[in-house]
Amino acid sequence: PEHDDPSYRKCQELKMERWIQMHYQIKQREQALAIAQHRELFYWLSGFYLSAVYGCASYYQRVKRVSALAPLLPLTFVVGYYTDWAYGSKLHRIQAEANMIMEHEQELLHWPGGLPTVAGIDEARVETEMEKKMHPHHM
């Protein structure tokens, strides 16, 4: 097919748009799964935190020392972090920071060794095949 043919170009554009949409939907599903995992962890941590509050408060009632409440301080930060991640605006702040990095700090986004090339991928594939042939029991 001629690459200058408008119908060919339209077909290629459509394929690319589908590919982009597919990957976008995959990333959405992965992100939803990650949020759900953080929410599940939040539920467990909250249960532990409430048990710790009860235990520390009971112990404080007996000993009347503020140090009995000390374990609650780090736990409060942990539960607060996961509350923010699961139900707060943490994800929005992360996305905003990522956008800022993409706009103003492009140099941080370069891959070590640069972009993979077809030649480099083929070379690695051939090396792997040769390794399998030379050492069939090691793979």
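Structure notes:
- All positions within region 70-105 that are assigned to a helix (DSSP H, G or I) and among the charged types (D, E, K, R): D84, K90, R93, E97, E103
- Total residues in region 80-104, condition out of contact with any helix residue (DSSP H, G or I) (no Cβ under 8 Å at 6 or more places or on another chain), surrounded by 10 or more Cβ atoms within 10 Å (Cβ to Cβ) and closer than 17 Å to Q31 by Cα: 9
- Identity of the residue in region 1-49, polar (S, T, N, Q) and closer than 22 Å to T83 by Cβ, that ends up surrounded by the most Cβ atoms within 10 Å (Cβ to Cβ): S46
- P116 passes every criterion in (1) surrounded by 12 or more Cβ atoms within 10 Å (Cβ to Cβ); (2) not in a helix (DSSP H, G or I) apart from (1).
- Just one of the listed residues (Y59, Y49, Y43) is part of a helix (DSSP H, G or I) and over 30 Å from Q95 (Cα atoms), and it is Y59.
- Within region 59-88, residues that are under 20 Å from S46 (Cα atoms) sit with their Cβ atoms under 6 Å from residues that are surrounded by 13 or more Cβ atoms within 10 Å (Cβ to Cβ) and of a type in the set (K, R), at 6+ positions apart or across chains, in these pairs: D84/K90; A86/R39.
Read-outs: derived from the displayed coordinates by stated rules, not from any lab. Owing to the predicted nature of the structure, the values given are computational and were not obtained by experimental measurement. Cβ coordinates were reconstructed from backbone atoms using ideal geometry, including for glycine residues, and neighbour counts include every protein chain displayed.
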